[in-house]
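Novice: Below: one structure in structure tokens.
The values are calculated or read from the model by the stated rules, or taken from the named source; none is laboratory data. Just so it is clear, the model here is predicted, and its values are computed rather than measured. When we count neighbours, we look across all protein chains shown, and the Cβ atoms used for this are built from the backbone with ideal geometry, even at glycine. For the accessible areas, the whole protein counts, side chains as well, though only heavy atoms, and no ligand, DNA or RNA atoms are used. Shrake-Rupley method; radii C 1.70, N 1.55, O 1.52, S 1.80 Å.
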There are 4 protein chains.
Amino acid sequence: MCRFVIYKGTSPVQLSHLLTRPCHSIINQAFDSRLRLDHRRPINGDGFGVGWYDSVHDEELGSQPCIFTSVTPAWNNANLIRLAEKIKSPLVFGHVRATTTGSLSLDNCHPFAYGKLMFMHNGGIAGFHLIKRRLQANLSDDVFNVVQGNTDSECAFALLLSKLPDPKAKSFTTRTLQQAMLDTIATLNVYAEEAGVSEPSLMNFCVTDGESVIATRYISSRHDEAASLWFSSGTTFSEYAPGGHYRMAKADKRENIIMIASEPLTFEKADWMEIRTNNMVVITPKMNLLQIPIVDKFYVSPSDPAARNRDTDFAAAKGLLSPRKALAPVQPRENAPQLSI
Amino acid sequence: MCRFVIYKGTSPVQLSHLLTRPCHSIINQAFDSRLRLDHRRPINGDGFGVGWYDSVHDEELGSQPCIFTSVTPAWNNANLIRLAEKIKSPLVFGHVRATTTGSLSLDNCHPFAYGKLMFMHNGGIAGFHLIKRRLQANLSDDVFNVVQGNTDSECAFALLLSKLPDPKAKSFTTRTLQQAMLDTIATLNVYAEEAGVSEPSLMNFCVTDGESVIATRYISSRHDEAASLWFSSGTTFSEYAPGGHYRMAKADKRENIIMIASEPLTFEKADWMEIRTNNMVVITPKMNLLQIPIVDKFYVSPSDPAARNRDTDFAAAKGLLSPRKALAPVQPRENAPQLSI
Amino acid sequence: MCRFVIYKGTSPVQLSHLLTRPCHSIINQAFDSRLRLDHRRPINGDGFGVGWYDSVHDEELGSQPCIFTSVTPAWNNANLIRLAEKIKSPLVFGHVRATTTGSLSLDNCHPFAYGKLMFMHNGGIAGFHLIKRRLQANLSDDVFNVVQGNTDSECAFALLLSKLPDPKAKSFTTRTLQQAMLDTIATLNVYAEEAGVSEPSLMNFCVTDGESVIATRYISSRHDEAASLWFSSGTTFSEYAPGGHYRMAKADKRENIIMIASEPLTFEKADWMEIRTNNMVVITPKMNLLQIPIVDKFYVSPSDPAARNRDTDFAAAKGLLSPRKALAPVQPRENAPQLSI
Amino acid sequence: MCRFVIYKGTSPVQLSHLLTRPCHSIINQAFDSRLRLDHRRPINGDGFGVGWYDSVHDEELGSQPCIFTSVTPAWNNANLIRLAEKIKSPLVFGHVRATTTGSLSLDNCHPFAYGKLMFMHNGGIAGFHLIKRRLQANLSDDVFNVVQGNTDSECAFALLLSKLPDPKAKSFTTRTLQQAMLDTIATLNVYAEEAGVSEPSLMNFCVTDGESVIATRYISSRHDEAASLWFSSGTTFSEYAPGGHYRMAKADKRENIIMIASEPLTFEKADWMEIRTNNMVVITPKMNLLQIPIVDKFYVSPSDPAARNRDTDFAAAKGLLSPRKALAPVQPRENAPQLSI
């Protein structure tokens, strides 16, 4: 299974501080991934991608993301190492691939982009070959022709585009993106059910328009645990000891940096809070962070005694997520943004 | 536009004699292509592929083709150069790509294979984005999932598979493959017409099951010339002068070798005969060669005074392809070349 | 043989305007190269590279160049197309490769970089295998270990580094770089002579430290013509007609942009002046352009009646290079041989 | 660190049974390597290579090995998977890379070949940058120009070539290859000592001429353990349970198959015997297997109480590698395995 990382900051980050220098960056996670569910092939060596928005909004260049992808492993990509030393951006998606479906091809590397939007996925759509035709049939012609590769992930992105009122719009509200994400998951669940797929799908998706970020930690099961997803926030993210040892510092209450990642990017456990299974995380344009339950038939309330198979130490997580910040928000109110951490 | 070459022989050819050593092989045609119609981007540097069947039928290995493809140009591919010195085969497809549609990806490199079948294409399906959905909708589930890349060519192969009674069959008659090819072209013409596509499609297709070979030189127009296609036959194909100067020798009446290629592979013009526009060439398992007109609304009889735009008149001038022969096509005589128009 | 382009401007250029959008950019020259000497393999499809300095000097990022290279052809490189739309730089080197020596490898792609310096080459060192050992033996340990690939070009760069007082210096005078370039050529000539190499070497080299640019058009022969090299200057370089038709505009006497290229990047012939064989072109940090003869035993004065084999219309060139533009800038401020056209 | 596997059989093996199908093949070891010493980057994803000799000696094709290499990871290489199903060979080298020195390039992928010879390396030459110049200086011109990449391993191969009376010979005695291997190691030790390199080098080398195979498990230290190396022999190597579970069967006393590998290729521990540190293993043309101590200043006798840091004591514990056998090494008896220590 894949790994991803999201960075959003009030100031741009030099990509190397996010991607190549930290000793537990997703590139190093590419070969030392400790939390994944899929133990069959424990490497993310099937290509990678990074997408970013410009630091300075440039009328000429526009606000569309730039994407750099490669089919060779991230950890040994000379171009990535050089570019990451030069490029700065306030909003970055990084992704390393371990193929579950889809061949080794640039067309299959995340993030995917369309107009202002950028999307990536960690997980897998169960029984995708059984639902791909129906999914494609429901796309508009424009969106149908967006799909270039052969992954479930890119099709999920196309489906999300089809849930937007206008995927080519110049701006989106946070709410619009949230709703499209929920609709995408709901539709994939309908397709799976009607195709008789019983295996759960892992749908850790994220989408951004360069302003808002929507990420999900989701599994279409009441019993199993979703793929891991964590976040961290603070005022600065910097190297405190040689050898790529980074940490998030919180100088004050301001949230200048928010990161979301498949696994913590640092070994400072206190810096990272786990996102609950079947929740959506939203970063607003003004850097508020919301965690919102995705309440459908696969939702299990944290207070429900029927625990999921892989207990991810909710108690511990609760400890880390201080009551003020963590417990208050996660009372799933539907249709309302919640909990700004 | 692309280039391809087909070799079928009673004895295996070492791939290097076909692909890498001749100074006018398709690899060298990759950068010195003299007859192509598309002058916009006169190089075939967007990857290549070669497919072949085993010399000796091996129960264990089966009779499925082996495919080697690359996204780097053929002329500088160290693996191709080394493999071509070692591999021998009695039936080879070679292809160099110049992208018209489809990204640079192994998934988009010809030849494509399915079970015993191998397919490649030189040309382009006009208005493909307008007919792709309908084409895909008419495929069986199995064949739908065969498609891995994003080219018109691979979709045309999938369509051809769907025209076969059983694309996974262990053997095919020549006639079955011929009919599937004709049905594929006819269906693509219907799709184009109904989608309002007016630009002609270039459909130089070839398919084989390891026994028969069917190739077409076809354009969906009465006025324009199809992409070029030539054939040569003889008893030996070998280097007569240093520097990759090859020629076809005809020691006797036997046809031990038949080659079909987008452009002549040698500078010996007398060795090569042009296949007429909107004709199908068939190599039977017993090495008979038939040329059969594809008579539909785009067919123009050689005797018709309404000449196509670019009349090559090579074969006609030589009297090699006489109208008389065209009328008695599919009755293969063994051990003799058949040029039936 | 390869192609290269150099851009130096008082304002940064968006890379796409230099590399990917012009219909006669070096990427299109990759398959439509009209002026080259080597007709054996008329494509530059063996990889490419682009190097650039930051628009804004950034203390943290430093003033070292960033390099992006690829072994797949430039004209179909999705990453290049995307990056070129985003990156701006006041000093850019671009290079497309057609292998003469050296395998298809990122290590062999130009430009090469070391510290602040960036280097590329169009041509070939004759009999390189005969002089490589001696060349390497004369390098310092540091410079010896710079060489990663197996090309003559990278070794020539290493040799140039060894001619500098301190290749890791934070700044270089234009004069220092000029002298190192002359010493490099002189040393290669000595090596060739002593190794008994009689075939001439083509040494179109260019080097920059991010401030000055030194380029040569040079051949180690009195009789043959060097590989082509042209320059253009003006105030703006922009698209005047759809389809990538660019031209250089000269709004006033200021030289805001200087470009040097293996072939003119536009079809406006009046925009381009040919650099004389066995001359060095220098762009100073303040955007003066000097052309200086490389006077050694291979130098032939323009007034010498013994013309070179391929007469490149020196008279016409003289007409194009008006005194106003040429003489003014070249008022030798730095003790140097001058010759400004 | 890398992984390799050697197969030599009286009958050819289909490459897939060695490389792609076994669930613990070196391709799967590429991401599940349990015995390696270097824990910093536990993946072999930096390219791979396979080299083999023809099953049938073909006068035309000669007896030179064919090499297939790739910079993308072995586990997702469509060409490797397809070729491995078709190619059979009685003598195969397979190698997966994890870079210690050398960039990601086809030039750096093992095995390396020269004439009839094929070579690969698992380990690293300590302080290579300090000895590279001296090593190169001592090569003949021909051998100097063999080196294409920038790895310590390829230079070690060049050094070995320089130790042979005639590296282009049409045949070699087993003894000649053995001596060249010993000389190579001895020379590298001298270079390291004279350059003041104190870190030990890991020199698991193997070389073959298509007839004999020489492999070493060696470290230039009396205290540390060499990189692991194992062998297995038997009459058939086949899948006994679905899912790629292979084992070596010993139907009788004949040794039809000998495999040497960085790690056991099966989970049947009894099938594999560890080669002792600082020993050389020899497979003779007639399939005798010899194990010979490399007795130099880094040799520690198995009876020496001064154990190495990491004593595996696998073979010793089993009594398979008795000291008695070590004393009478290079006298091959036919048709019987020789374990000479």
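Novice: Among the numbered criteria (1) assigned to a helix (DSSP H, G or I); (2) closer than 28 Å to B:L80 by Cβ; (3) away from chain D (no Cβ under 11 Å), which single criterion is violated by C:E154?
Specialist: (3)
Novice: Here's another thing I want to ask about it. Can you name the condition, by its number, that C:K86 falls short on among (1) in a loop (DSSP other than H, G, I, E, B); (2) at pLDDT 80 or above; (3) within 13 Å of chain B (Cβ to nearest Cβ)?
Specialist: That leaves (3) as the condition not met.
To keep it simple, each residue is scored yes or no on (1) at pLDDT below 90; (2) open to solvent by 10 Å² or more (accessible area, probe 1.4 Å); (3) over 16 Å from B:M181 (Cα atoms); (4) of a type in the set (V, I, T).
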| position | (1), (2), (3), (4) |
| --- | --- |
| B:H121 | no, no, no, no |
| B:F128 | no, yes, yes, no |
| B:R133 | no, yes, yes, no |
| B:Q136 | no, yes, yes, no |
| B:S140 | no, yes, yes, no |
| B:V147 | no, yes, yes, yes |
| B:T151 | no, no, yes, yes |
| B:A156 | no, no, no, no |
| B:L160 | no, no, no, no |
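This table checks each residue for (1) modelled with pLDDT under 85; (2) buried (at least 22 other Cβ atoms within 10 Å of the Cβ); (3) of a type in the set (D, E).
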residue: B:Y240; (1), (2), (3): no, no, no
residue: B:D271; (1), (2), (3): no, no, yes
residue: B:N279; (1), (2), (3): no, yes, no
residue: B:Y299; (1), (2), (3): no, no, no
residue: B:T312; (1), (2), (3): yes, no, no
residue: B:S322; (1), (2), (3): yes, no, no
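Novice: Can you tell me which residues in the stretch D:11-23 are open to solvent by less than 10 Å² (accessible area, probe 1.4 Å) and at pLDDT below 90?
Specialist: D:P22
Novice: Residues in the stretch C:106-119 that are open to solvent by 20 Å² or more (accessible area, probe 1.4 Å) and within 12 Å of another protein chain (Cβ to nearest Cβ): how many? Working first, answer last.
Specialist: Initial filter on the stretch C:106-119 (open to solvent by 20 Å² or more (accessible area, probe 1.4 Å)): C:106-107, C:113-116.
This time we only want the ones that are within 12 Å of another protein chain (Cβ to nearest Cβ), so: C:106-107, C:113.
Residues that pass the stated criteria total 3.
Novice: For the stretch A:73-83, how many residues meet the condition of being more than 8 Å from chain C (Cβ to nearest Cβ) and either open to solvent by less than 20 Å² (accessible area, probe 1.4 Å) or under 20 Å from the mean Cα position of the chain (by Cα) (or both)?
Specialist: 5
Novice: When you go through A:S171, A:S198 one by one, which is the residue that is away from chain B (no Cβ under 14 Å), of a type in the set (G, A, S), closer than 24 Å to A:K286 by Cα and open to solvent by 20 Å² or more (accessible area, probe 1.4 Å)?
Specialist: That would be A:S171, the only listed residue that is away from chain B (no Cβ under 14 Å), of a type in the set (G, A, S), closer than 24 Å to A:K286 by Cα and open to solvent by 20 Å² or more (accessible area, probe 1.4 Å).
Novice: Something else about it: Scan (1) at pLDDT 60 or above; (2) more than 14 Å from chain B (Cβ to nearest Cβ); (3) on the phi > 0 side of the Ramachandran plot for the single condition C:G47 breaks and write down its number.
Specialist: The one condition C:G47 does not meet is (2).
Listed here are the residues, each with its yes/no results for (1) in a strand (DSSP E or B); (2) hydrophobic (A, V, I, L, M, F, W, C); (3) more than 14 Å from chain D (Cβ to nearest Cβ).
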position	(1), (2), (3)
C:L91	yes, yes, yes
C:A98	no, yes, yes
C:L104	no, yes, no
C:N122	yes, no, yes
C:R133	no, no, no
C:L139	no, yes, no
C:Q148	no, no, no
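Novice: Let me ask you something else. What is the one condition in (1) touching a Phe, Trp or Tyr at 6+ places or on another chain (Cβ under 9 Å); (2) within 12 Å of another protein chain (Cβ to nearest Cβ); (3) open to solvent by less than 10 Å² (accessible area, probe 1.4 Å) that A:S63 does not satisfy?
Specialist: Here A:S63 meets the rest and fails (3).
Novice: Still on this structure, I have one more. Restricting attention to the stretch B:165-193, report how many residues are free of Cβ contacts under 8 Å to residues at least 40 places away in the same chain and either of a type outside the set (S, T, N, Q) or out of contact with any Lys or Arg (no Cβ under 8 Å at 6 or more places or on another chain) (or both).
Specialist: Counting residues in the stretch B:165-193 that are free of Cβ contacts under 8 Å to residues at least 40 places away in the same chain and either of a type outside the set (S, T, N, Q) or out of contact with any Lys or Arg (no Cβ under 8 Å at 6 or more places or on another chain) (or both) gives 9.
Novice: Moving on. Among A:L80, A:L91, which is the only one that is farther than 18 Å from A:F205 by Cβ, modelled with pLDDT of 85 or more and touching a strand residue (DSSP E or B) at 6+ places or on another chain (Cβ under 9 Å)?
Specialist: Of the residues listed, the single one that is farther than 18 Å from A:F205 by Cβ, modelled with pLDDT of 85 or more and touching a strand residue (DSSP E or B) at 6+ places or on another chain (Cβ under 9 Å) is A:L80.
Novice: A follow-up question, please. Any residue that is out of contact with any strand residue (DSSP E or B) (no Cβ under 6 Å at 6 or more places or on another chain), buried (at least 24 other Cβ atoms within 10 Å of the Cβ) and not charged (D, E, K, R) - is there at least one of those in the stretch D:252-262?
Specialist: no
Novice: Output the number of the condition that A:K86 fails; it satisfies all remaining conditions of (1) under 29 Å from C:G51 (Cα atoms); (2) open to solvent by less than 10 Å² (accessible area, probe 1.4 Å); (3) of a type in the set (D, E, K, R).
Specialist: Against the list (1) under 29 Å from C:G51 (Cα atoms); (2) open to solvent by less than 10 Å² (accessible area, probe 1.4 Å); (3) of a type in the set (D, E, K, R), A:K86 comes up short only on (2).
Novice: Before we move on, is B:S233 buried (at least 21 other Cβ atoms within 10 Å of the Cβ), modelled with pLDDT under 95 and within 16 Å of B:L290 (Cβ to Cβ)? If you could, list the steps in order and put the result at the bottom.
Specialist: Details: buried (at least 21 other Cβ atoms within 10 Å of the Cβ): yes; modelled with pLDDT under 95: yes; within 16 Å of B:L290 (Cβ to Cβ): yes.
Against the criterion (buried (at least 21 other Cβ atoms within 10 Å of the Cβ), modelled with pLDDT under 95 and within 16 Å of B:L290 (Cβ to Cβ)), B:S233 qualifies.
Novice: May I pose another question? For the stretch D:163-179, give me the residue count where each residue is within 15 Å of the chain's Cα centre (by Cα) and either outside any helix (DSSP H, G or I) or aliphatic (A, V, I, L, M) (or both).
Specialist: Number of matching residues: 1.
Novice: Any idea how many residues of the stretch D:180-195 are assigned to a helix (DSSP H, G or I) and either touching a helix residue (DSSP H, G or I) at 6+ places or on another chain (Cβ under 6 Å) or surrounded by 15 or more Cβ atoms within 10 Å (Cβ to Cβ) (or both)?
Specialist: 11
Novice: Further question on the same structure: May I ask you to verify whether A:T208 is at pLDDT 95 or above, open to solvent by 10 Å² or more (accessible area, probe 1.4 Å) and either of a type in the set (A, V, I, L, M, F, W, C) or closer than 18 Å to A:M181 by Cβ (or both)?
Specialist: Values: at pLDDT 95 or above: yes; open to solvent by 10 Å² or more (accessible area, probe 1.4 Å): no; either of a type in the set (A, V, I, L, M, F, W, C) or closer than 18 Å to A:M181 by Cβ (or both): yes.
So A:T208 fails the test.
Novice: Within the stretch B:29-41, is even one residue more than 10 Å from every other protein chain (Cβ to nearest Cβ), part of a helix (DSSP H, G or I) and modelled with pLDDT under 90?
Specialist: There is at least one residue in the stretch B:29-41 that is more than 10 Å from every other protein chain (Cβ to nearest Cβ), part of a helix (DSSP H, G or I) and modelled with pLDDT under 90.
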